[in-house]
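Input: one structure, supplied below.
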Amino acid sequence: FSPEWGELCFSGAEGVNLGTRFMATAEAPIHDNIKKALVAGDENSTQLVMRSLKNTERVYKNAASDEVLRIEAEHPGQIDKIYHIVKGENYRASFQETGDAQSSVWSCGPVMGLIESVPTCDELVRGMVSEAEAVIQGRLAEMCR
């Protein structure tokens, strides 16, 4: 886990988006190779696609997303030019069958830079709560001095 999770709680965040983080858990119903890609990735391992369509999506930076960006630059706003790459069937095949992190465009966030393991959901949540408690207790102790 990372101290950043606990810091978010203390800094006034009312919530956090944990979709990408929960993708890299033991129970997540996706191929282990996708989970490995999330662990190996960093905060620079994503990019924005489909901006020309006004339907921006942050995705894992790979060969497929690079191709989408190349095509979008040549044919802005034309979904028919990129559909064969961005269609959900490709995403499903990568996640459920092949585990190929390079062959489809799939959503994830820059939080990959904080993902260091593939824990169970229970371990993840308990670790986050523990970190938040440690940050809160540490800050309260500082305030009471």
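Would you say V39 is without any contact (Cβ under 8 Å) to a residue 24 or more places away in the chain, surrounded by fewer than 15 Cβ atoms within 10 Å (Cβ to Cβ) and under 24 Å from E123 (Cβ atoms)?
On the way: without any contact (Cβ under 8 Å) to a residue 24 or more places away in the chain: no; surrounded by fewer than 15 Cβ atoms within 10 Å (Cβ to Cβ): yes; under 24 Å from E123 (Cβ atoms): yes.
No; evaluated as a whole, the condition is false for this residue.
Could you check, for segment 107-129, whether at least one of its residues is under 13 Å from A40 (Cα atoms) and polar (S, T, N, Q)?
Within segment 107-129, one or more residues are under 13 Å from A40 (Cα atoms) and polar (S, T, N, Q).
State all residues of segment 3-24 that are under 15 Å from the mean Cα position of the chain (by Cα), at pLDDT below 95 and in a loop (DSSP other than H, G, I, E, B); if no residue qualifies, say none.
V16, N17, L18
A follow-up question, please. Hey, can you tell me all the residues within segment 42-59 that are under 10 Å from G109 (Cα atoms) and open to solvent by less than 30 Å² (accessible area, probe 1.4 Å)?
Those that are under 10 Å from G109 (Cα atoms) and open to solvent by less than 30 Å² (accessible area, probe 1.4 Å): S45, T46, Q47, V59.
Still on this model: Just give me the residues in segment 80-138 being assigned to a loop (DSSP other than H, G, I, E, B), hydroxyl-bearing (S, T, Y) and loosely packed, with under 14 Cβ neighbours inside 10 Å, in sequence order.
Correct list: S117, T120.
Are any residues in segment 59-102 at pLDDT 95 or above, over 14 Å from T46 (Cα atoms) and of a type in the set (S, T, Y), and if so, which ones?
Once the filter is applied, which keeps residues that are at pLDDT 95 or above, over 14 Å from T46 (Cα atoms) and of a type in the set (S, T, Y), segment 59-102 yields Y83, S94, T98.
If I filter segment 70-80 for residues that are closer than 18 Å to D32 by Cα, among the hydrophobic types (A, V, I, L, M, F, W, C) and in contact (Cβ under 8 Å) with a residue 24 or more places away in the chain, do I get at least one hit?
no
For segment 25-73, give me each residue that is polar (S, T, N, Q) and in a helix (DSSP H, G or I). Show your work before the answer.
Start the filter on segment 25-73 by keeping residues that are polar (S, T, N, Q), which leaves 25, 33, 44-47, 52, 55-56, 62, 65.
Within segment 25-73, N33, S52, S65 qualify.
The values are calculated or read from the model by the stated rules, or taken from the named source; none is laboratory data. All of these numbers come straight from a predicted model, not from anything done at the bench. As a convention, Cβ positions derive from the backbone with ideal geometry for all residues, glycine included, and neighbour counts pool all protein chains shown. Surface accessibility is based on the protein's heavy atoms, side chains included, excluding ligands, DNA and RNA. Shrake-Rupley method; radii C 1.70, N 1.55, O 1.52, S 1.80 Å.
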